[in-house]
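To start, the structure under review is shown below, and the notes come after it.
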Amino acid sequence: MSGKRRLRRRWSLDEILRGVEQACGETRQTWMEHRGGDGKALAMWATRRYGGLTLRETGEALGGLDYAAVSIAIKRLEHKAVTETNVRKRMEMIGAMLNVET
């Protein structure tokens, strides 16, 4: 692990999920219980990126998902962010709320 990565502050799951709730404008119960939408995928992405959890830990924390499902959801979200500005802005908003330099 590189020095920068090791020194980066890790955010708690609750702090990350509060940031996703604010970025999405919905409560976590809404996007955790319903299919579709980007809330759950944003939570997976942010948890991996800012929480430092493994794919397995992320899946367990967000409803008992398999690590492969988490990986696929994150990749799809990142590809979607390339073409959809609203997704990219939500990702940037989460980073800004957590005071992370991008």
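Any read-out appearing in this document is the output of simple, stated calculations on the displayed coordinates, not a laboratory observation. Since the model is a prediction, treat every value here as computed from it, not as a measurement. Glycine also receives a Cβ, built like all others from the backbone with ideal geometry; neighbour counts cover every protein chain displayed.
Selection of segment 39-92 for residues being in contact (Cβ under 8 Å) with a residue 24 or more places away in the chain, of a type in the set (A, V, I, L, M, F, W, C) and outside any helix (DSSP H, G or I) yields 53, 62. Of all residues in segment 13-71, those being touching a helix residue (DSSP H, G or I) at 6+ places or on another chain (Cβ under 7 Å) and either of a type outside the set (S, T, N, Q) or under 13 Å from residue 90 (Cβ atoms) (or both) number 38. Among the residues of segment 50-102, the one identified as of a type in the set (Lys, Arg) and closer than 19 Å to residue 12 by Cβ is 56.
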